[in-house]
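A.B. asks: Please find one structure pasted underneath; my questions will follow.
The values are calculated or read from the model by the stated rules, or taken from the named source; none is laboratory data. Owing to the predicted nature of the structure, the values given are computational and were not obtained by experimental measurement. Methodologically, a virtual Cβ is constructed for each residue, glycine included, from the backbone with ideal geometry; neighbour enumeration extends over all protein chains shown. Protein only, heavy atoms only, side chains kept; ligands, DNA and RNA dropped before computing areas. Shrake-Rupley method; radii C 1.70, N 1.55, O 1.52, S 1.80 Å.
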Amino acid sequence: MLDYDTEAARYDATRGGVPRARSAARAVLALVPERAATLLDVGCGTGLVSELLTRPGLRVYGVDASPGMARVAARRMGPALVLGDSRRLPFADASLDAVSAVWLLHLLPDAPEVVAECARVLRPGGVFVTTVDKDMGHDVDSDVDRLLAPHRVRRAHDTAARVLAVASEHGLRRAGEARFTGHGQGRTPARLAQDVARGYFASALTLDDGQSDTLVRELSLLPDPDVPRADPVYRLLALRKDA
């Protein structure tokens, strides 16, 4: 998995920056009830999305396990940022009106533990908003995607079916969904080849060393290596806790 401590300084600039974050925040807020007074952004990273989750009467907290990410986020969120494990959230039972997890569950083999924790800290009637099928959002049927297809992980950690099944075990029921564009995230063959070579896609692709080398070579032969393909479209689910 990516070393987020060392990646923190360049994370926003290489992942769509403010336009991408604004798109995500707008979609999350559309699924959070107007009456919500508190929201926890789990796995908040640099806090770029978190600081945009703003509306009158809503207090936003952030938690992230990476000290490097948390240092960046603290500059944006101040004391509302907490260094902590998403599997053991430092919040009391039934203490929050809403919880969000954007671009998180796809990274975690123990995603069910995180869903359970998010359910624990929600008040009855509260809402958990999370991205699902994240890696599939990048599949825009481009030449790049056709090369990746044979190597895609078949059972991702954040499939909608899996998240919904786990959520139901903890009293969370589907309450809505939304989609948003990952602005600036269209993949170029050249950048993708670099990422494959350094093992960045460990959670999304199944590759041994020989397959990785072959894929890097095939990507390097595609036309327009520095031209981004279409931006991904991400999916959000809203899950309401039983009253």
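A.B. asks: For region 222-237, just list the computed ³J(HN,Hα) in residue order, Karplus coefficients 6.51, -1.76 and 1.60, θ = phi - 60°, integers in Hz, with x standing in for Gly and Pro.
C.D. replies: With coefficients 6.51, -1.76 and 1.60, one gets 5, x, 6, x, 9, 9, x, 7, 4, 5, x, 10, 9, 10, 10, 10 Hz.
A.B. asks: Which value, in debye to the nearest 20, gives the size of the charge dipole of region 98-230 about its Cα centre, when Lys and Arg are +1 and Asp and Glu are -1 at the Cβ?
C.D. replies: Magnitude of the dipole: close to 500 debye.
A.B. asks: Then there is this: Relative contact order for the chain: what percent, with Cα pairs under 8 Å and sequence separation of 6 or more?
C.D. replies: 23
A.B. asks: What list of whole percents do you get for P(r) of region 178-243, with Cα-Cα distances grouped in 10 Å bins up to the one holding the largest distance?
C.D. replies: Spelled out bin by bin, region 178-243 gives 19, 37, 26, 11, 6, 1 percent.
A.B. asks: Same structure again: Subtracting the Cα-Cα distance from 0.36 nm times the residue separation, let me have the gained length for VAL153 to ASP141 in nm, one decimal.
C.D. replies: 2.7 nm
A.B. asks: Starting from the Cα-Cα distance between LEU164 and ALA243, subtract it from 0.36 nm times their residue separation and give me the gain in nm to one decimal.
C.D. replies: Contour length minus the Cα-Cα distance gives 26.7 nm.
A.B. asks: Please give the FRET efficiency for ASP213 paired with ARG173, using the beta carbon to beta carbon distance and R0 = 41 Å, rounded to the nearest 0.05.
C.D. replies: 0.35
A.B. asks: For region 1-94, what does the relative contact order come out to in percent, with C-alpha contacts under 8 Å and a separation of six or more? Walk me through the intermediate numbers first.
C.D. replies: Values: 133 pairs, mean separation 25.2, N = 94.
Reported as a whole number, the value is 27 percent.
A.B. asks: Over region 75-212, what portion of Cα pair distances is larger than 22 Å, expressed as a whole percent?
C.D. replies: In whole percent, the share of Cα-Cα pairs in region 75-212 beyond 22 Å is 47.
A.B. asks: What does the charge dipole of the chain about its Cα centre add up to, to the nearest 20 debye, if the Cβ of each Lys and Arg holds +1 and the Cβ of each Asp and Glu holds -1?
C.D. replies: 840
A.B. asks: Tell me, what HN-Hα J-couplings in whole Hz come from the Karplus equation 6.51 cos²θ - 1.76 cosθ + 1.60 at θ = phi - 60° for each residue of region 121-127, using x for Gly and Pro?
C.D. replies: 7, 7, 6, x, x, x, 10
A.B. asks: Follow-up. So, for the chain, what is the accessible surface per residue at a probe of 1.4 Å, expressed in square angstrom?
C.D. replies: 45
A.B. asks: According to a simple spin-label model (label point 7 Å from Cα along Cα-to-Cβ), what is the distance in nm between ALA190 and ALA37?
C.D. replies: 5.3
A.B. asks: Using only the alpha carbons of the chain, determine the length spanned along each of the three principal axes and report them from longest to shortest in whole angstroms.
C.D. replies: 54, 37, 27
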